[in-house]
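Here the structure is laid out as C-alpha cells; the discussion comes afterwards.
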Amino acid sequence: MLSALKGATVPRESLTEHQRAQMLALMQVCYAGVSAERFTRDLAEKQFVILLSAGRTGELVGFSTLRVVEEQVDGREVEVVFSGDTVIHPDYWGQKELQVRFGRFMLARKLRRPLRPLLWLLLSAGYKTYLLAVNHFPRTVPRHDWEAPPERVSFLHGLARRWFGKQYDASRGTVRFEGAHYRVRDGVSPIDREAAAHPHIAFFARSNPGHVEGEELVCLAEIRVRDLMWALSELSMKQVRLWTRRGLKLIGVRA
C-alpha cells in the first residue's frame, strides 16, 4: 500500500475509549488550550467522525467530526453539515485522504436528496481550513472574489447567532468562544510572508485578525455536485502523484 494514510468515516457512537483518547491527545499536540471537557462536549454534538490512521502502524494521526442538521431558508428545507474539531498531525500534511473522505461523505449526502440544497458550515481559526472551502467550492461565504446573495448572508448570520449566541460577532463574522478555547500552537501553520501573498490567505488574515488568539471565521459553502466531482477528481490526481513519488522513493528512484 503506497498511501501513507488510511481513512474511514464512522458513526460517533462506534468510537472506542482508546480512539477518543487518541483524538484528544492529537488535538493537544497541535492546539493550545485543549481541555478534555471541552473536547468531549464538542464530540457529543456530532454524529460522524472521519478517522485517519497511519498506513503502516495504524496509529491515529488525524480526524474530523461532523454534525448534520436540517434547517430552513425562506421556507425551503436545506441540509447543513458542520465541521467540528479537525486536525492532522504535521508529519502528514500534504496528504489528501481527509479531503477525499470528506468529499465522498458530502457526495453521499447530496445524492440522498439531489434537489435539496446542501451547505457546509465551518469555523476557521487557521488559513488551511479556510482554503479547503474556497479552493473547491466557489460559492463560499465569505471570500474576496464572490459576493453572496443577501439571503445567503442573512442565513449565515442567523444560523451563527442561534448556534453560538453572544460569542458570535456579526460585524466581523467571527466566533470568539468564552473561557478557555483552542488556538493553533505557535509555529504550527503560521502566516509568513510567502503565505500572506496568496489572495485567499490575505483575505482570511484581514477578515480574522484574531485567529492567533483562537478567534474563528464563520464560513458557509454551498455544495454542488459539479463542484464536488471536480474537487474529488483534482484531489484524487494529487493523491496519485503523492503515491507515485512515495513508490519511487521506496525503490530508490528520485521523483
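The values are calculated or read from the model by the stated rules, or taken from the named source; none is laboratory data. Values in this document were obtained by computation on a predicted structure and should not be read as measured data. Here the Cβ positions follow ideal geometry from the backbone for every residue, glycine too, while neighbour counts run over all protein chains shown. Surface accessibility is based on the protein's heavy atoms, side chains included, excluding ligands, DNA and RNA. Shrake-Rupley method; radii C 1.70, N 1.55, O 1.52, S 1.80 Å.
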- Between the helical axis of 97-112 and the dominant principal axis of the chain, each derived from Cα atoms, what acute angle in degrees is found, rounded to the nearest 10? 50
- Using unit Cβ charges (K, R positive; D, E negative) and no other charged atoms, how large, in debye to the nearest 20, is the dipole of the range 1-111 about its Cα centre? 360
- Item | Low-density loop positions, GluC sites (Glu not before Pro), the range 68-166 - DSSP coil, at most 11 other Cβ in 10 Å | Glu147
- Message: Rounded, prolate or oblate for the range 1-113? Axes are the square roots of the Cα gyration tensor eigenvalues, ordered a ≥ b ≥ c, and the cut-off for rounded is a/c under 1.5.
- Response: oblate
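Work out how much length Met237 to Ala195 would gain on full extension: take 0.36 nm times their residue separation and subtract the Cα-Cα distance, in nm to one decimal.
On the way: separation 42, 0.36 × 42 = 15.12 nm, distance 2.37 nm.
Stretched out fully, the Met237 to Ala195 stretch lengthens by 12.7 nm.
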- Item | Cα long-axis angle, helix 17-30 against the chain (0 to 90 degrees, to the nearest 10) | 80
- Query: Between Leu115 and Ala25, what is the label-to-label distance in nm when each label sits 7 Å out along the Cα-to-Cβ direction?
  - Reply: 5.0
- Roughly how many debye, to the nearest 20, is the charge dipole of the chain about its Cα centre, given +1 on each Lys and Arg Cβ, -1 on each Asp and Glu Cβ, and no other charges? 860
- Message: Not counting ligands, DNA or RNA, and with a 1.4 Å probe, what is Glu234's accessible surface area in Å² rounded to the nearest 10?
- Response: 60
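Cα gyration tensor of the range 60-162, axes a ≥ b ≥ c as square roots of the eigenvalues: rounded (a/c below 1.5), prolate (a/b > b/c) or oblate?
Prolate is the answer for the range 60-162, as a/c is 1.5 or above and a/b outweighs b/c.
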- Message: At 222 nm, what value in deg cm²/dmol follows for the chain if DSSP H runs of at least 4 each add -39500 (n - 2.57) and the sum is divided by all its residues, to the nearest 500?
- Response: -12500 deg cm²/dmol
- Message: Ordering His136, His198 by accessible area with a probe of 1.4 Å, largest first, what comes out?
- Response: His198, His136
- In this structure, the FRET efficiency calculated for Gln167 and Arg56 from their beta-carbon separation, with R0 = 45 Å, to the nearest 0.05, is 0.65
- Item | Within the chain, longest stretch free of exposed trypsin sites (Lys or Arg not before Pro) [DSSP loop, at most 10 other beta carbons within 10 Å] | 57-253
- Item | Unit Cα scatterers, Debye sum, the range 1-50: log10 I(q)/I(0) for q = 0.18, 0.25, 0.27, 0.29 Å⁻¹ | -0.65, -1.06, -1.14, -1.21
- Pairwise label distance in nanometres, Arg224 with Val69, each label 7 Å out on the Cα-Cβ vector: 2.6
- Task: Using only Cα atoms, find the angle between the long axis of helix 150-164 and the longest principal axis of the chain, and express it within 0 to 90 degrees, rounded to the nearest 10.
- Result: 80
- Any idea of Ser171's accessible area? Nearest 10 Å², probe 1.4 Å. 110
- Candidate residues Val29, Val80: accessible-area rank, largest first, probe 1.4 Å: Val29, Val80
- Once you put a point 7 Å from the Cα of Arg76 and another 7 Å from the Cα of Tyr92, both along the Cβ direction, what distance in nm separates them? 3.8
- Item | Three-way shape label, the chain, alpha-carbon gyration tensor, a/c 1.5 | rounded
